[in-house]
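Chemist: Here's a structure for you.
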Amino acid sequence: MLTMFRILFALLLCVLPVCAAAQSSGHILVMPFENVRRDARLHWIGEAAALLLADDLKTRGLAAITRAERIRAFDQLHLPTAATLSRATVIKVGEFVGASEIIVGSVAVDGTALIVEAHSIRIDVGRLQANVTERGALIDMIAIFERIAGRLAPDVTVTVERSARPPLEAFENYVKGLMAESPAARAAFLEAAIARNPGYDRALLTLWGVRGDQGDHAAALEAARAVAG
């Protein structure tokens, strides 16, 4: 029963609009951004950066490696998912997942402004690209990362219509649900995301997986039906 849930979960994730992007020949690994000042408010934004940039690159037809693939690589390389990695280790992860390019960066807050710096490492040709920096209101975080993606891939246009972005509060709870260590905490954050944004497919699908792992198949089925509806 659990195996069936996992298979269906994977299939449904692949039909989300962001997965419909055309694939390019090179794969891009977006790493979680570093919280250089160790600001507690930014704990979740480092992971959010990787999700948002990967999504936006996919809308441009670029083959961004999924979070699931990244987490699996960390597990197989015995790396802690929340650790700050050296550049050599980051490149090792990129090579492990077959990436030709890696995007890394940092996030910081100055008052109510979010400052994002990012750059690309082309491991296929051994070249470090120049930094790009964007600054804006913290509440405009999603738009900031869209601008970062556009500057990192300036010669590529959007080829797939972007899916509607959830409210920031819902997205924050979704990301925290992905990052939480215990199944109970993951479920609580995901349910908070869904309460803030009913019909939030990604949160519902992830909650489905969490409930399935817990053996609560009735709750898993309820989450799946909410997506289908």
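Chemist: Scan region 61-76 residue by residue and report those that are in a loop (DSSP other than H, G, I, E, B) and either surrounded by fewer than 13 Cβ atoms within 10 Å (Cβ to Cβ) or not polar (S, T, N, Q) (or both).
Modeler: 61, 62, 65
Chemist: Among the residues of region 125-148, is there at least one that is within 24 Å of residue 102 (Cβ to Cβ), at pLDDT below 85 and assigned to a loop (DSSP other than H, G, I, E, B)?
Modeler: Scanning region 125-148 turns up at least one residue that is within 24 Å of residue 102 (Cβ to Cβ), at pLDDT below 85 and assigned to a loop (DSSP other than H, G, I, E, B).
Chemist: Checking residue 185 against (1) touching a Phe, Trp or Tyr at 6+ places or on another chain (Cβ under 9 Å); (2) of a type outside the set (Phe, Trp, Tyr); (3) not assigned by TED's automatic domain parsing to the domain that holds residue 84, only one condition comes out false. Which one?
Modeler: (1)
Chemist: Pairs needed: first member in region 167-193, without any contact (Cβ under 8 Å) to a residue 24 or more places away in the chain and more than 18 Å from residue 141 (Cα to Cα); second member anywhere, in a helix (DSSP H, G or I) and aliphatic (A, V, I, L, M); C-beta distance under 6 Å; at least 6 residues apart or different chains.
Modeler: That search, which allows pairs on different chains as well, returns 190/203; 190/207.
Chemist: On to the next question. Within region 77-97, which residues are exposed (fewer than 11 other Cβ atoms within 10 Å of the Cβ) and under 19 Å from the mean Cα position of the chain (by Cα)?
Modeler: Taking region 77-97 first, the residues exposed (fewer than 11 other Cβ atoms within 10 Å of the Cβ) are 78, 80, 83, 86, 88.
Across region 77-97, the qualifying residues are 80, 83.
Chemist: Take residue 156 and decide whether it is within 23 Å of residue 119 (Cα to Cα), in contact (Cβ under 8 Å) with a residue 12 or more places away in the chain and either outside the structural domain of residue 121 (by TED's automatic domain parsing) or assigned to a loop (DSSP other than H, G, I, E, B) (or both). Full working, then the answer.
Modeler: On the way: within 23 Å of residue 119 (Cα to Cα): yes; in contact (Cβ under 8 Å) with a residue 12 or more places away in the chain: yes; either outside the structural domain of residue 121 (by TED's automatic domain parsing) or assigned to a loop (DSSP other than H, G, I, E, B) (or both): yes.
Answer is yes for this residue.
Chemist: So, one more: If I go through region 56-69 residue by residue, how many of them are out of contact with any Phe, Trp or Tyr (no Cβ under 8 Å at 6 or more places or on another chain), within 17 Å of residue 120 (Cβ to Cβ) and in contact (Cβ under 8 Å) with a residue 60 or more places away in the chain?
Modeler: Count: 5.
Chemist: Between a first residue in region 75-100 that is in contact (Cβ under 8 Å) with a residue 40 or more places away in the chain and outside the structural domain of residue 176 (by TED's automatic domain parsing) and a second residue that is of a type in the set (S, T, N, Q) and surrounded by 17 or more Cβ atoms within 10 Å (Cβ to Cβ), which pairs have beta carbons less than 9 Å apart while being 6 or more apart in sequence or on different chains?
Modeler: These pairs meet every condition: 84/35; 94/100.
Chemist: While we're on this one: All but one of (1) on the phi > 0 side of the Ramachandran plot; (2) under 16 Å from the mean Cα position of the chain (by Cα) hold for residue 61; state the number of the condition that does not hold.
Modeler: Residue 61 satisfies all of (1) on the phi > 0 side of the Ramachandran plot; (2) under 16 Å from the mean Cα position of the chain (by Cα) except (2).
Chemist: Looking at 178, 114, 138, which one is closer than 26 Å to residue 82 by Cβ and under 15 Å from the mean Cα position of the chain (by Cα)?
Modeler: Of the residues listed, the single one that is closer than 26 Å to residue 82 by Cβ and under 15 Å from the mean Cα position of the chain (by Cα) is 178.
The values are calculated or read from the model by the stated rules, or taken from the named source; none is laboratory data. All of these numbers come straight from a predicted model, not from anything done at the bench. For neighbour counting, all protein chains shown are included, and Cβ atoms are generated from backbone atoms with ideal geometry for every residue, glycine included.
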